[in-house]
Number of protein chains: 2
Amino acid sequence: MGGWLDQVAWSAEGLVSAVVQDAVTRRVLMCAWMNREAISLTVKSGEAHYWSRSRQRLWRKGEESGHVQRVKELRLDCDGDVVLLSVEQRGGIACHTGRESCFFRRYENGRWVVTDPVVKPADEIYPKRR
Amino acid sequence: MGGWLDQVAWSAEGLVSAVVQDAVTRRVLMCAWMNREAISLTVKSGEAHYWSRSRQRLWRKGEESGHVQRVKELRLDCDGDVVLLSVEQRGGIACHTGRESCFFRRYENGRWVVTDPVVKPADEIYPKRR
């Protein structure tokens, strides 16, 4: 056991980059970081856990927002420094701005244009932060 | 001009992470890095350019392999430190191992299982490297 964790090319900080995709639509929802504990808990629980670099703590996706991610598939890339999660996104919202995806801006003629609506306002998602 | 480049949250090294997805199937093909020049050339030429950290040089995807990526869409995430490219992948091969996607290994019961066939052997893709 643990061999699969050793095949991950952890960064100097002990992290691996995680790309998260909707299992049904295949839309890319977000990117985050994982450490050993986060990926282990993800596999064990079936729910996505990440490492927050800004808060320097483990984070279960949806712990505050309810926007939990059930992991359907976990993949590793050729050089082992990125994992890809296919998830079932509860609430259809992955972004802290209340949008489906964090990639809600598209490049158009020299600017980033917001293309996606807010599904639920952030102050309704995170009432404790008001 | 250039304002859109300033909205990217460049790392200390001047890089931004790039996730690359097939524009039709939406499969995630690879991840790479871009600097200002790489993203500018990508937008200008319509073909994906990256920054190779290992070789410390700009790199036009497919320059050696022919596996060029025509960029159909470019997106930026909420905190500006990841871009998402939707591409038309020439040859149907994004990975240097000759597979469609770099994410050819899936987690199954404590190990990473190779799920994808090699479409074209690497020594045929890169004959000069023999």
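The values are calculated or read from the model by the stated rules, or taken from the named source; none is laboratory data. Treat the numbers as computed from the prediction; the structure is a model and nothing was measured. Because the Cβ atoms are built from the backbone with ideal geometry, glycine has one as well, and the counts that use them run over all protein chains shown. These area figures cover heavy atoms from the full protein model, side chains too; ligands, DNA and RNA do not enter into them. Shrake-Rupley method; radii C 1.70, N 1.55, O 1.52, S 1.80 Å.
Taking the longest Cα principal axis of chain B as reference, the axis of helix B:36-45 is set at about 80 degrees. Bridgeable lysines around residue A:61 (alpha carbons under 24 Å apart, same-chain partners fewer than 8 residues away excluded): A:44, A:72, A:120, A:128.
Of all beta-carbon atoms in chain A, the one sitting closest to the axis that brings chain A onto chain B gives A:26, 2, with the distance in whole angstrom.
What percentage of the solvent-accessible surface of the range A:1-88, computed with a 1.4 Å probe over protein heavy atoms, is contributed by carbon and sulfur atoms? About 47 percent, which is the carbon plus sulfur part of the accessible surface.
Take each residue in B:28-36, count the other chain C-beta atoms within 10 Å of its C-beta, and the mean is 3.
With +1 on the Cβ of every Lys and Arg and -1 on the Cβ of every Asp and Glu, and nothing else charged, how large is the dipole of the protein assembly as shown about its Cα centre, in debye rounded to the nearest 20?
Numbers: 42 positive and 34 negative charges, 14 e Å.
With Lys and Arg at +1 and Asp and Glu at -1, about 60 debye.
The residues of the range A:28-130 expose, per residue, 48 Å² of accessible area to a 1.4 Å probe.
Distance from the Cα centroid of the range B:43-83 to that of the range A:30-87 is 25 Å (rounded to whole angstrom).
Counting charges near residue A:22 (Lys, Arg +1; Asp, Glu -1) among other residues having Cβ under 10 Å from its Cβ returns a value of +2.
Could you work out the mean count of beta carbons from other protein chains within 10 Å of each residue's beta carbon in A:99-108? Before the final figure, lay out the partial values.
Details: counts 1, 0, 4, 7, 11, 4, 10, 6, 11, 3.
The shielding value for this peptide is 6.
Once A binds B, the 1.4 Å probe can no longer reach about 3300 Å² of accessible area, counting both sides.
A point 7 Å from Cα along Cα→Cβ stands in for residue A:23, and the other copies hold the same point at 3.0 nm, listed in rising order.
When the Cα gyration tensor is reduced to axis lengths a ≥ b ≥ c, the ratio a/c is 1.5 or higher for the range A:49-130, and with a/b not above b/c it is classed as oblate. For residue A:113, inter-copy separations between label points set 7 Å beyond Cα along the Cβ vector come to 4.4 nm, shortest first. Take each residue in A:13-19, count the other chain C-beta atoms within 10 Å of its C-beta, and the mean is 2. Take every Cα pair under 8 Å whose residues are at least 6 apart in sequence, average their separation, divide by the length of the range A:3-53, and the relative contact order is 27 percent.
Just to be sure I understand: with springs between alpha-carbon atoms less than 10 Å apart, which residue in A:46, A:110, A:62 has the highest mean-square fluctuation in the Gaussian network model of chain A? The residue with the greatest mean-square fluctuation here is A:110. Near residue A:118, once Lys and Arg are set to +1 and Asp and Glu to -1 for all other residues with Cβ below 15 Å from its Cβ, the sum equals -1. Sorted from closest to farthest, the other copies place their residue A:36 label points 4.0 nm away, with each point set 7 Å from Cα along Cα→Cβ. Charge dipole (Cα centre; +1 on Lys/Arg Cβ, -1 on Asp/Glu Cβ; no other charges) of the range A:7-67 amounts to roughly 60 debye.
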